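Peer 1: To start, I am sharing the structure in question, which I have written as structure tokens.
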Amino acid sequence: MRKLLVLALVGLAAQLVDGALGMAYGLTSSTLLLFAGVAPAAASASVHLAEIGTTFAAGVAHWRFGNVDWRVVGRIAGPGALGAFAGATFLSSISTESAAPWMAGILFALGVYLLVRFSRPLRANRAAGRLRGRFLGSLGLVAGFVDATGGGGWGPVATPALLVSGRMEPRKVIGSVDTAEFVVAGAASVGFLIGLGSEGFLLPTVAALLAGGLIAAPVAAWLVRIVPAQLLGAAIGGVIVLTNARTLLRAGDAGGALPPVVYALLTLGWLVAVVLAVRALRRTRRARTTVDTARAATGGATPAHAATPAVPAVGSVPGVPATAPLRDTTRLAAADR
């Protein structure tokens, strides 16, 4: 009973992170399950089965709020499902000893990516036009494969790529990726079912993760308004890096003084990333304060010389471009207050 309660708390924490960042449910859940000693394939299978429920709830909510671009969902979900099925089949076919470092390596790389991404703003290409189907298909295929083999990665791979394109509103990027993930999670679960059989799914674990995730969904909507996503992204990235570094060091039979040195260097890098995230967040808020002051001085109108100022917008919506035009960033300012 105590173990199920812990797993429910894992699902709750993962959903809180996912709700605030638009990603990392699978990353967080799989990392913590691996840390608890669950086999890699079973961890990924159980997380994806639980995600069928959580992503369905998230997709319905995004649809109700008008955050879904169905063209993007249609172009990315199919290839994502194929990639996830292939990844699940691959992970199911290798031994636990081989799968553990493979999965930990993917999670470690994605954790480093989160640290880098949220320690500095992204710069967007404000090119006009719609996203090409070839790009969406390739992105979905890669993100789906990484998601299934790593136990998570659909959001961290797909969301930033769409945000950097500059051709979609951040809210529609997150809504479309979350909605498409329902299909991806289903395809991965089918792949694990074929590769592992029904015994590959830890049903009590699935139920606990699902319960925690569903409870956290409305809380996450509140959390995103008070906790800046940039700080949360840097914080969770460090946890993922340190946790999976332990698995990689064990797989490499690293002993002696090496592990403490590695942990010390990774912790230092984590602290540096958090400091950079705080500095970027302060710059963002100062820039927005300047814009608000200028508007107030002109009676609510933006001065001609500042029609589209470059504001480094990294707030509660993940990956908002660092030089987004004012019309895109001012709508998001309330989320960081």
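The values are calculated or read from the model by the stated rules, or taken from the named source; none is laboratory data. Because the structure is predicted, anything quoted here is derived from the model rather than measured. Virtual Cβ from ideal backbone geometry, glycine too; neighbours counted across all protein chains shown. With ligands, DNA and RNA removed, areas are computed over all heavy atoms of the protein, side chains included. Shrake-Rupley method; radii C 1.70, N 1.55, O 1.52, S 1.80 Å.
Peer 1: I'd like the carbon and sulfur percentage of the solvent accessible area for the stretch 1-118, probe radius 1.4 Å, heavy atoms only, ligands and nucleic acids excluded.
Peer 2: Of all accessible area on the stretch 1-118, carbon and sulfur atoms account for 73 percent.
Peer 1: Turning to a different aspect of this structure: First check a/c for the stretch 258-298, with a ≥ b ≥ c the square roots of the eigenvalues of its C-alpha gyration tensor; if it is under 1.5, answer rounded, and if not, answer prolate when a/b is larger than b/c or oblate otherwise.
Peer 2: Because a/c hits 1.5 or more and a/b exceeds b/c, the stretch 258-298 counts as prolate.
Peer 1: Just to check I understand the Karplus step: with θ = phi - 60° and J = 6.51 cos²θ - 1.76 cosθ + 1.60, what whole-Hz values come out for the stretch 144-158, glycine and proline as x?
Peer 2: Karplus-based 3J(HN,Hα) across the stretch 144-158 equals x, 5, 4, 4, 6, 6, x, x, x, x, 4, x, x, 8, 7 Hz.
Peer 1: Now a separate question. Excluding Val184 itself, what net charge comes from residues whose Cβ is under 15 Å from its Cβ, given Lys and Arg +1 and Asp and Glu -1?
Peer 2: On the way: positive: Arg75; negative: Asp18, Glu51, Asp147, Asp178, Glu181.
Value of the local net charge: -4.
Peer 1: Accessible area of Asp69, 1.4 Å probe, to the nearest 10 Å²?
Peer 2: 50
Peer 1: Here's something else I'd like to know. Where does the charge balance sit around Gly87 when Lys and Arg score +1, Asp and Glu -1, over other residues with C-beta under 15 Å from its C-beta? Provide the component values of the computation, followed by the final result.
Peer 2: Working: positive: none; negative: Glu51, Asp147, Glu181.
Taking every other residue near Gly87 into account, the sum is -3.
Peer 1: While we're looking at this one, here's another question. Taking θ as phi - 60°, what are the ³J(HN,Hα) couplings along the stretch 81-89 by the Karplus curve (6.51, -1.76, 1.60), each to the nearest whole Hz, with x for Gly and Pro?
Peer 2: Working through the residues one at a time gives 5, 4, x, 5, 5, 5, x, 5, 5 Hz.
Peer 1: Let me know the shape class of the stretch 27-103, please: from the alpha-carbon gyration tensor, a ≥ b ≥ c as square roots of the eigenvalues, rounded when a/c is under 1.5, otherwise prolate if a/b is greater than b/c, or oblate.
Peer 2: Verdict is oblate for the stretch 27-103.
Peer 1: Can you run phi through the Karplus equation (6.51, -1.76, 1.60; θ = phi - 60°) for the stretch 260-267 and list ³J(HN,Hα) in whole Hz, with x for Gly and Pro?
Peer 2: Whole-Hz 3J(HN,Hα) from phi for the stretch 260-267: x, 5, 4, 4, 5, 5, 5, 5.
Peer 1: So how far apart, in nm, are the two label points at Phe135 and Leu203 if each is 7 Å from Cα heading toward Cβ?
Peer 2: 4.5
Peer 1: If the chain between Ala297 and Ala251 were fully stretched, how many nm would it gain, using 0.36 nm times the residue separation less the Cα-Cα distance?
Peer 2: Difference between extended and current length: 10.4 nm.
Peer 1: How do the peptides 143-153, 28-38 rank, highest first, by the average count of neighbouring beta carbon atoms within 10 Å per residue? Don't skip to the answer; put the middle values down first.
Peer 2: Numbers: 143-153: 29.5, 28-38: 22.3.
Peptide ranking by packing, descending: 143-153, 28-38.
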